[in-house]
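Written below as structure tokens is the structure these notes are about.
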Amino acid sequence: MVVTLKEVAERAGVSRSAVSRTFTDGASVSDKMRRKVEKAARDLGYSPNALASSLTTGRTKLIGLVSNNFHNPIFLEVFDLFTRGLQERGLRPLLVNLSHETDPENSVRMLRQYSVDGVVVASSTLPAGFAKAFRDAGVPVVHSFGRASPTPSVHVVGIDNVECGRMAARTLVARGYGNIAFLGGPQKATSTQDRFTGFMSEMEAHPNVKTSYSFAGDYSFDAGRREMMRLVQNNPAQAYFCGDDVLTIGALSAAIDSGLKVPEDMGLLGLNDMEMARWENISLTTIHQPIRQIVTSSIELMVAMLNEPDRYPEARIFPCSIVERDTLRPALAN
């Protein structure tokens with residue numbers, strides 16, 4: 001049977017309100033009283049009712065964790081880090097799938113029905129308007145993996161995707177490839193747009209290198225494989241920056257099935273450094289995105305916003321780096 005607050009009060013010899021205050025964050029209660037109540041609760045196996053507590057405090061401690069990219073394995077790592085990190089802070093994650101959602105107002109209405117205290121938008125493909133809609137509705141929000149901006153309208157934590165595109169172009173040029181290409185994810189995704197912008201702007205400094213580009217339907221293995229199967233039918237480039245690890249692994253599968261050797265016949269460069277990229281049979285050369293730091297920083301900002309809702313929006317942008325493995329040939333000696 002469930003132990004009640006009344007039974008704990010009787011066991012401790014205190015009032016029910018004293019028990020309630022003991023298990024309410026920020027409530028006033030003496031150390032002596034707290035020790036008596038906590039001992040009685042332990043002896044009886046009592047756990048406070050979180051929903052009942054929310055009626056007293058006005059806070060549910062629910063944090064909406066929303067994304068639209070559940071088919072990408074990288075988000076298994078993202079969700080694991082977020083859920084564990086939020087729970088360690090005494091918060092409760094509410095996972096929401098927005099894979100087919102196009103109207104941010106629908107998302108706001110849905111999350112408000114659950115009385116969430118805040119929202120983390122964990123997506124590099126949802127437009128900034130999704131996060132801004134929560135802010136405009138008065139809900140504390142952090143956009144993780146969002147678009148870098150010197151003057152963000154909401155808190156943004158992520159990477160500079162334009163610089164990643166430049167980094168990828170410099171890396172491929174340094175390997176001596178004379179024909180390189182950008183294979184992006186969905187064209188409407190801000191991450192794709194920024195990586196493409198950076199890549200092409202860097203290639204303007206290398207007019208002697210042939211450059212081309214194409215886009216896959218989404219950030220997925222199947223989309224990368226389909227696009228590479230199409231490309232290999234018509235004079236493919238010597239090397240590709242695919243803009244995302246799972247997209248690159250799909251392209252790698254297509255290249256091998258088409259009889260090409262990687263990196264001898266074709267070089268491939270990804271982005272994220274997901275766990276699968278480190279597998280021995282894949283060993284993908286990629287751009288490392290510091291996912292753990294991004295998630296930790298996002299949670300820190302969310303906790304700060306719960307205590308200071310009017311906190312001025314800031315952008316926390318983390319640097320990336322090349323991880324050398326086996327899908328690109330070595331850089332040319334200087």
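The values are calculated or read from the model by the stated rules, or taken from the named source; none is laboratory data. These figures come from a predicted structure and were not determined experimentally. Cβ coordinates were reconstructed from backbone atoms using ideal geometry, including for glycine residues, and neighbour counts include every protein chain displayed.
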Checklist (1) within 25 Å of Ser220 (Cβ to Cβ); (2) in a helix (DSSP H, G or I); (3) modelled with pLDDT under 85 applied to Ala131, failing item: (3)
Residue count for segment 111-121, restricted to those that are without any contact (Cβ under 8 Å) to a residue 60 or more places away in the chain and touching a strand residue (DSSP E or B) at 6+ places or on another chain (Cβ under 9 Å): 5
Residue within segment 305-316 that is among the small types (Gly, Ala, Ser), touching a residue at least 12 places away in the same chain (Cβ under 8 Å) and not in a helix (DSSP H, G or I) present: yes
Lone unmet requirement of (1) in a loop (DSSP other than H, G, I, E, B); (2) among the hydrophobic types (A, V, I, L, M, F, W, C); (3) within 15 Å of the chain's Cα centre (by Cα) for Ala333: (3)
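Please find, among Gly243, Gly270, the residue that is within 17 Å of the chain's Cα centre (by Cα), under 24 Å from Gly198 (Cβ atoms), in a strand (DSSP E or B) and in contact (Cβ under 8 Å) with a residue 12 or more places away in the chain. Even if it seems obvious, please write down each step before you answer.
Values: Gly243 fails: in a strand (DSSP E or B).
Step by step, each of Gly243, Gly270 is checked, and only Gly270 is within 17 Å of the chain's Cα centre (by Cα), under 24 Å from Gly198 (Cβ atoms), in a strand (DSSP E or B) and in contact (Cβ under 8 Å) with a residue 12 or more places away in the chain.
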Unmet requirement for Val162, which otherwise passes all of (1) under 19 Å from the mean Cα position of the chain (by Cα); (2) farther than 28 Å from Asp265 by Cα: (2)
Segment 170-193: number of residues that are within 17 Å of the chain's Cα centre (by Cα) and surrounded by 21 or more Cβ atoms within 10 Å (Cβ to Cβ): 4
Residue ID - nearest to Ile249 (Cα to Cα), chosen from residues in segment 305-328 that are over 18 Å from the mean Cα position of the chain (by Cα) and at pLDDT 95 or above: Thr327
Unmet requirement for Gly64, which otherwise passes all of (1) in contact with a helix residue (DSSP H, G or I) (Cβ under 7 Å, 6 or more places away or on another chain); (2) at pLDDT below 85; (3) buried (at least 17 other Cβ atoms within 10 Å of the Cβ): (2)
Complete set of residues in segment 10-35 that are surrounded by 18 or more Cβ atoms within 10 Å (Cβ to Cβ), in a helix (DSSP H, G or I) and more than 43 Å from the chain's Cα centre (by Cα): Arg11, Ala12
Criterion violated by Phe145 - all others in (1) on the phi < 0 side of the Ramachandran plot; (2) crowded, with 24+ Cβ neighbours inside 10 Å satisfied: (1)
Residues (more than 14 Å from the chain's Cα centre (by Cα) and part of a strand (DSSP E or B)) located in segment 283-304: Thr286, Ile287
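Tell me, which strands (runs of 3 or more DSSP E) lie completely within segment 154-240 with 1 or more residues that are assigned by TED's automatic domain parsing to the domain that holds Gly138? Working first, answer last.
Working: elements: 155-159, 179-184, 210-215.
Correct list: 155-159.
Has segment 251-262 got at least one residue that is acidic (Asp, Glu), free of Cβ contacts under 8 Å to residues at least 60 places away in the same chain and either assigned to a helix (DSSP H, G or I) or buried (at least 19 other Cβ atoms within 10 Å of the Cβ) (or both)? Walk me through it before giving the result.
Step one: list which residues in segment 251-262 are acidic (Asp, Glu), which gives 257.
Right, trim to free of Cβ contacts under 8 Å to residues at least 60 places away in the same chain and you get 257.
Applying the additional criterion that residues be either assigned to a helix (DSSP H, G or I) or buried (at least 19 other Cβ atoms within 10 Å of the Cβ) (or both) yields 257.
Within segment 251-262 (the criterion being acidic (Asp, Glu), free of Cβ contacts under 8 Å to residues at least 60 places away in the same chain and either assigned to a helix (DSSP H, G or I) or buried (at least 19 other Cβ atoms within 10 Å of the Cβ) (or both)), the answer is yes, since at least one residue qualifies.
Do you know which of the residues in segment 243-258 that are of a type outside the set (Val, Ile, Thr) and in contact with a Ser or Thr (Cβ under 9 Å, 6 or more places away or on another chain) is farthest from Met276 (Cα to Cα)? Talk me through it step by step, then tell me what you get.
First, the residues of segment 243-258 that are of a type outside the set (Val, Ile, Thr): 243-245, 247, 250-255, 257-258.
Okay, now just the ones that are also in contact with a Ser or Thr (Cβ under 9 Å, 6 or more places away or on another chain), so 243-245, 247, 250, 252.
Numbers: Gly243: 15, Asp244: 12, Asp245: 8, Leu247: 12, Gly250: 12, Leu252: 13 Å.
This residue is Gly243.
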Number of positions in segment 178-211 that are in contact with a helix residue (DSSP H, G or I) (Cβ under 8 Å, 6 or more places away or on another chain), within 20 Å of Gln238 (Cα to Cα) and not small (Gly, Ala, Ser): 12
